[in-house]
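Taking it in order: structure first as structure tokens, then the write-up.
The values are calculated or read from the model by the stated rules, or taken from the named source; none is laboratory data. This structure is a prediction, so every number in the text was calculated from the model and none was measured. Ideal geometry is used to build each Cβ from the backbone, glycine not excepted, and the neighbour counts take in all protein chains shown. Calculation scope for accessible area: heavy atoms of the full protein, side chains included, ligands and nucleic acids excluded. Shrake-Rupley method; radii C 1.70, N 1.55, O 1.52, S 1.80 Å.
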Amino acid sequence: MGEELFLILFAVIIAIVVLAVFLRFVPIGMWFKALVSGVHVSFGSLIGMRLRGISPARLVYPLIKATKAGLDLNISKLETHFLAGGNIDRVINALIAAQRANIELPFEKACAIDLAGRDVFEAVQMSVTPKVIETPVVAAIAKDGIELRAKARVTVRANISRLVGGAGEETIIARVGEGIVTTVGSSESHKAVLENPDLISRTVLNKGLDAGTAYEILSIDIADVDVGRNIGAQLMMDQAEADRRIAQAKAEERRAMAVAHEQEMKAAVQEMRAKVVEAEAQVPLAMADALRSGKMGVMDYYQMKNTMADTEMRESIAKASAPQSTTPEVKK
């Protein structure tokens, strides 16, 4: 009797352990919810998800939502996308939104968009409700030298077929800014742009700026246009200032050369004077030597002195008899 009771107790314990392990790997509650929702998920699939470290709720609940929305999906596709690093909830929400909006979006395309790093649900929403992108202030200069500052609002719609590999909003903003600069720069006068701001919109829109992007441009509206600086006048002033500095530098160079030449002339005059003084200092010595050697007599010496005195007297008389200035003296 005791052995039978022991065996019964042992069997109960084994059954409890087996049941606990089974419930650990097979969420009966979730399986039942899927069953009553019309979604067939086998126990093998649930156990496989547990063994692969996937929470069954992450896949079962989106599958129930997709089935209720009328999408033909299975747990294997969802598990494949989840293991690839995708967001199952976002993909399912995008598929449901696309179905309601009559937008063709296959499951594989939605998964590719999601794995590419784009928000596929937001893309579907943008396909239904266009998005307005506001560009920063773009400065451009017309041919008359006046600067204009323009700001544009670009209405875009997501192009689902080009979401994978297509350029983003930054490219749209850059191309619109380039179009504004080109349009304003080709205008003869800034007044023409101010009178017809839609000229910018038409020119930019006709350039096909959405080529190669993930968006389709619906409209480009100029939100604001302001007049900036007179760049042409500023450039002329800068050029005049530069010319003045160049002329001043050349004048300084000529003055420095003139000063250097004057210094050279003064040095030459000083050198000549030194030579004259040196020569004059040799005259008395030469005369003394001539007197000693008999080449010059005493009378010749006195005759030379008289001639020099007569010459000095004539020069003084000439200076005294020179006409004086006739300018009357101004009385204070």
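What's the angle, to the nearest 10 degrees (0 to 90), between helix 57-68's Cα axis and the longest principal axis of the chain?
70 degrees
Could you work out how far helix 231-293 tilts from the main Cα principal axis of the chain, as a 0 to 90 degree angle to the nearest 10?
30 degrees
In whole Hz, what ³J(HN,Hα) sequence does segment 84-90 give by Karplus (6.51, -1.76, 1.60; θ = phi - 60°), x for Gly and Pro?
Couplings: 7, x, x, 9, 5, 4, 5 Hz.
How many Å² of accessible area per residue for the chain, probe 1.4 Å?
66 Å²
For segment 212-257, which whole-number percentage of the solvent-accessible area (1.4 Å probe, protein heavy atoms only) is attributable to carbon and sulfur atoms?
Within segment 212-257, the accessible surface is 54 percent carbon and sulfur.
Using Cα atoms only, what is the angle between the long axis of helix 169-185 and the major principal axis of the chain, expressed in degrees (0 to 90) to the nearest 10?
40 degrees
With springs only between Cα atoms under 10 Å apart, run a GNM on the chain and tell me which of T311, T171, T203 wobbles the most.
T311
Taking P(r) over Cα pairs in 20 Å bins from 0, in percent straight from the coordinates, which label in [x] 29, 59, 11, 0; [y] 17, 21, 17, 12, 11, 10, 8, 4, 1, 0; [z] 29, 50, 18, 4, 0 is the correct one?
[y]
List the GluC sites (Glu not before Pro) within segment 146-204 that DSSP assigns to loop and that have no more than 15 neighbouring Cβ atoms inside 10 Å.
Answer by residue number: E188.
Around L105, under 15 Å between beta carbons, what's the net of Lys plus Arg minus Asp minus Glu among the other residues?
The answer is +1.
Residue farthest toward the positive end of the dipole of segment 65-187, with Cβ of Lys/Arg at +1 and Asp/Glu at -1: which of I146, V181, V128?
V128
Would you kindly derive the ³J(HN,Hα) couplings of segment 144-158 from the backbone phi angles with the Karplus curve 6.51 cos²θ - 1.76 cosθ + 1.60 (θ = phi - 60°), listing them in order in whole Hz, with x for Gly and Pro?
7, x, 8, 8, 10, 10, 10, 10, 10, 10, 10, 9, 10, 10, 5
Between D310, D72, D226, where does the largest GNM mean-square fluctuation fall for the chain, given springs only between Cα atoms within less than 10 Å?
Of D310, D72, D226, the most mobile in the Gaussian network model is D310.
Report the residue, chosen from A167, A140, A309, that carries the largest GNM mean-square fluctuation when the chain is represented by alpha-carbon nodes joined by springs under 10 Å.
A309
Report ³J(HN,Hα) in whole Hz for each residue of segment 108-125, in order, from the Karplus equation J = 6.51 cos²θ - 1.76 cosθ + 1.60 where θ = phi - 60°; Gly and Pro get x.
Here the 3J(HN,Hα) series is 5, 5, 4, 5, 5, 5, 5, 5, 6, x, 9, 7, 5, 5, 5, 5, 5, 4 Hz.
Could you check the spin-label model distance between K250 and M237? Points 7 Å from the Cα along Cα→Cβ, value in nm.
Between K250 and M237, the simple spin-label model gives 2.5 nm.
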